[in-house]
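Report on the structure given below.
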Amino acid sequence: METITKLIADDLAELESTIQKLITTRITFIKEIVNHIIRSGGKRVRPILVILAARLCGYKDQEHIPYAAIIEFIHTATLLHDDVVDNAKIRRGSSTANTVWGNEPSVLVGDFLFSKSFELMAFSENEEILKVMSRASTCLAEGEILELLKTCDPETDEAEYLEIIGNKTASLFSAACEVGGILGEVSQKKRLALRDFGYNLGMAFQLTDDILDYVSDDAVLGKRVGTDLKEGKVTLPLIHALKHGTDKEKGYVAAVLNKAKMTPRDFERVRKIIRKHGGVEYTSKVTKQFVDNAKDFLKVFKPSVYKESLMTLADYMLARET
């Protein structure tokens, strides 16, 4: 990631400045909450995708920066809502906004960010970008609802889970890349290649998150390991283990998912079941396939430092630890 951030350092500096300029509100409380989460150590992966995709497509102007900021606003809004739904306490090593200020302010500020994003896009004359962003926002909401419906459901299968993360995570990655292509005014073939690159990258990003929740540790991950299980999220490592597990193991996992409070012993026993049936290894294999797919979509572009950076970002999805 360091080589990528150096390549687009000027754009990233402008992004941070633009984020502050665009959070225009006379209510300082809103800015306080927004700044709390935006400044809490996020990697800015989605805005970086907008920047790299635009530059890959030969875009020379600066309009990509406001769009990158808008995408970060939408992402931040989903984090605020997610943390309330999940009753999360820690994100990126800091207390979540709902822990500090309460659920109601967090939900309302998330709503503000969604509204602000579309207010800003309304000033743009680019209808194609507005369509892409509107579609992605709808997918995000559908993904959140699908995930909620599948909470604590040990019968969740792989296809259902991939649909959830395709909507909840990959849709915004996809939109970020497609926006860059639209700004660069590339051919439909290249625009769709960027869209599909982003989608596969987003799938890999989320699946890596799923793995880390079972194999990392609290200090590195920036939140409590085992959070997914505690929140009743049935992710791919667990889905694979349940598919191959014994009836007794399935019964135990179902009981843990529906417990009011999961104990460290519960988590360790579930992790042991996942290890026994190769849940992490299987998820790693699926993740690599999405990464390989993503890189394949970039073949339509000529070699450049920006193409190389996108390839590097794809490889980073397999190696990241946070």
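The values are calculated or read from the model by the stated rules, or taken from the named source; none is laboratory data. In this text, all values refer to a predicted model and were calculated from it rather than measured experimentally. So basically every Cβ, Gly included, is an ideal-geometry build from the backbone, and we count neighbours across all protein chains shown.
Worth pointing out:
- Scanning segment 110-136 for residues that are within 24 Å of Ile164 (Cα to Cα) and surrounded by 19 or more Cβ atoms within 10 Å (Cβ to Cβ), we see that the one that is nearest to the chain's Cα centre (by Cα) is Ala136.
- Segment 217-233: number of residues that are at pLDDT below 75 and buried (at least 18 other Cβ atoms within 10 Å of the Cβ): 2
- Segment 106-140: number of residues that are without any contact (Cβ under 8 Å) to a residue 60 or more places away in the chain, of a type outside the set (Asp, Glu) and within 19 Å of Asp82 (Cβ to Cβ): 8
- Top-ranked residue in segment 234-268 [being surrounded by 15 or more Cβ atoms within 10 Å (Cβ to Cβ) and over 22 Å from Glu160 (Cβ atoms); ranked as modelled with the lowest pLDDT]: Met262
- Residue check for Thr99: touching a helix residue (DSSP H, G or I) at 6+ places or on another chain (Cβ under 9 Å) and in contact (Cβ under 8 Å) with a residue 40 or more places away in the chain: no
- Within the set Leu22, Leu79, Leu12, Leu49, the sole residue that is at pLDDT 95 or above, closer than 25 Å to Leu130 by Cα and surrounded by 14 or more Cβ atoms within 10 Å (Cβ to Cβ) turns out to be Leu49.
Here is a yes/no grid of residues against (1) within 30 Å of Gly251 (Cα to Cα); (2) among the aliphatic types (A, V, I, L, M); (3) under 16 Å from the mean Cα position of the chain (by Cα):
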residue	(1), (2), (3)
Glu147	yes, no, yes
Asp153	yes, no, no
Ile164	yes, yes, yes
Ala170	no, yes, yes
Ala176	no, yes, yes
Gly180	no, no, no
Leu183	no, yes, no
Arg191	no, no, no
Leu194	no, yes, no
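- Boolean, Lys288 is assigned to a helix (DSSP H, G or I) and among the basic types (Lys, Arg): yes
- Helices (runs of 4 or more DSSP H) within segment 38-127 that include 2 or more residues charged (D, E, K, R): 45-56, 64-86, 103-122
- Thr99 under 16 Å from the mean Cα position of the chain (by Cα), modelled with pLDDT of 85 or more, more than 20 Å from Leu22 (Cα to Cα) and surrounded by fewer than 19 Cβ atoms within 10 Å (Cβ to Cβ): no
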